[in-house]
């Protein structure tokens with residue numbers, strides 16, 4: 001798997017800390033991370049994602065990507081492919097979930113990530129490299 005960077009985001013109330021994946025020129029969160037971010041449930045996030053795709057607001061091919069996750073479960077390592085959603089989806093969900101978190105997240109993470117994406121597109125078209133915060137994914 002390619003090298004990726006991880007950004008940490010903590011909600012203003014310090015109740016939630018999320019490790020956000022930044023890879024291949026974009027930000028990626030799992031359904032559980034989205035639920036944590038918006039202080040909601042995974043089921044609620046799923047409903048919003050389905051509605052966004054059904055209305056054609058966003059396309060799954062453009063906003064969803066599987067990443068292999070390796071976890072320790074009951075004394076053994078288990079590999080699972082988990083869907084991750086990009087910044088466009090995060091913001092689309094944020095407009096639907098009644099929460100101040102979306103505004104805080106956009107100010108703290110989304111705007112800087114958009115600037116980073118623009119800078120990378122100018123210097124490294126189509127490629128992403130791990131930086132000072134890079135970790136093996």
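Of everything in the stretch 1-13 that is part of a strand (DSSP E or B) and crowded, with 19+ Cβ neighbours inside 10 Å, the residue that is modelled with the lowest pLDDT is 4. Answer yes if at least one residue in the stretch 109-128 is touching a strand residue (DSSP E or B) at 6+ places or on another chain (Cβ under 6 Å), at pLDDT 60 or above, surrounded by 14 or more Cβ atoms within 10 Å (Cβ to Cβ) and under 20 Å from residue 5 (Cα atoms), and no otherwise. There is at least one residue in the stretch 109-128 that is touching a strand residue (DSSP E or B) at 6+ places or on another chain (Cβ under 6 Å), at pLDDT 60 or above, surrounded by 14 or more Cβ atoms within 10 Å (Cβ to Cβ) and under 20 Å from residue 5 (Cα atoms).
The values are calculated or read from the model by the stated rules, or taken from the named source; none is laboratory data. Small disclaimer: the values here were computed from a predicted structure and weren't measured. Quick reminder, even Gly has a Cβ in these numbers, built from the backbone with ideal geometry, and neighbours come from all protein chains shown.
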